[in-house]
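Step one of this worksheet: look at the structure below.
Derivation of every value follows stated rules applied to the coordinates shown; laboratory data play no part. Bear in mind that the values here come from a model prediction, so they are computed numbers and not experimental data. Note: ideal-geometry Cβ built from the backbone for every residue, glycine included; neighbour counts use all protein chains shown.
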Amino acid sequence: MEVMAQESGAGGGGNVLAQFLPLILILVVFYFLLIRPQQKRAKQHREMLAALSVGDEVVTSGGVFGKVTVVGEHAITLHVGSGEIKFQKQAIQSLLPRGSLEKS
């Protein structure tokens, strides 16, 4: 009887690891498919905002196209149509190739 109790106790530790292994694998897959790419995109966006300069053509998250006229620490001024509008830097979604605004 003692031998059976010792064998079942030793096998229980391995069983717990086998139960958590699928959960660990799912977390690893989530990290590489969801979390890591999002962090990469956020880093690229921060780098793009840091590199903005006067004359760049951009699109805001609200869909406004404009040419950068003033770059501040937290704000940016865009020339749109016949006037200028001030935006938060974070509102800039993407940088356009030069000359894009003149084509449209």
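Exactly one condition in (1) assigned to a loop (DSSP other than H, G, I, E, B); (2) surrounded by 10 or more Cβ atoms within 10 Å (Cβ to Cβ); (3) among the charged types (D, E, K, R) is false for Glu73; which is it? That leaves (2) as the condition not met.
The set of residues in the range 71-104 being hydrophobic (A, V, I, L, M, F, W, C) and within 20 Å of Arg46 (Cβ to Cβ) consists of Val71, Ala75, Ile76, Leu78, Phe87, Ala91, Ile92, Leu95, Leu96.
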